[in-house]
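One structure is given below, encoded as structure tokens.
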């Protein structure tokens with residue numbers, strides 16, 4: 001059985017459930033429930049990942065699979081990704097559990113890494129600055145380069161024009177939001193027959209599972 005742990009209830013959780021359900025079937029995985037806070041609402045964050053694994057591990061069977069979904073952002077005072085991954089690998093080795101982790105910096109990279117997205121966006125009434133940035137981010141992800149490096153002058157030029165107009169400071173997030181806005185609200189021919197854009201993109205993820 002495949003068990004999926006996520007750091008919160010955001011779009012990444014929705015995405016991975018759709019992907020696994022699509023390619024493994026609904027009876028072949030379990031999406032582990034998030035912790036509940038004092039207000040009975042889902043409580044998450046990367047600081048809950050170790051507790052989620054600890055609470056789950058005793059109920060798993062030998063050779064079960066565990067997928068831990070989280071953004072590999074910079075370390076913080078309360079969370080060190082390298083230490084967490086090493087700890088999780090060690091405890092899963094003891095229990096003979098096959099564990100895997102997402103390795104992206106942020107969830108938006110899953111979509112932005114596909115060249116098909118560039119083709120889809122170019123069929124719309126696209127913005128040149130967004131298209132140029134999409135191509136740049138896509139190439140950076142594909143070649144394992146840090147597109148978010150603010151010390152790079154080329155990056156800074158591209159960032160400034162988009163970030164100054166957005167409530168977000170994450171280039172990947174800004175880029176994806178711009179693309180989705182155009183595709184959904186301007187009746188892009190590439191997706192106009194699809195009621196839910198996530199469903200359209202999901203076929204691009206067939207090689208993940």
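Since every read-out is calculated from the coordinates, none of them should be taken as a lab result. Being a predicted model, the structure only gives us computed values, none of them experimental. Positions of Cβ are generated from backbone atoms using ideal geometry, with glycine treated the same way; all protein chains shown enter the neighbour counts.
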Proportion of all alpha-carbon pairs of segment 2-101 beyond 15 Å (%) | 62 percent
Calculated FRET value between residue 58 and residue 118, using beta carbons and R₀ = 35 Å, to 0.05 = 0.15
In whole Å, how far is the Cα centre of segment 44-66 from that of segment 89-140?
-> 25 Å
What is the extension gain from residue 22 to residue 96, computed as 0.36 nm multiplied by their sequence separation minus the C-alpha to C-alpha distance, in nm to one decimal?
-> 24.0 nm
So, with points 7 Å from each Cα along the Cβ direction, the residue 181-residue 89 label distance in nm works out to 4.1 nm
Estimated translational D of segment 45-147 in µm²/s (Stokes, Kirkwood radius over Cα pairs; 25 °C; 0.890 mPa s) | 153 µm²/s
Rounded to the nearest 0.05, what FRET efficiency do residue 128 and residue 72 have when you use their Cβ-Cβ distance and R0 = 25 Å?
-> 0.25
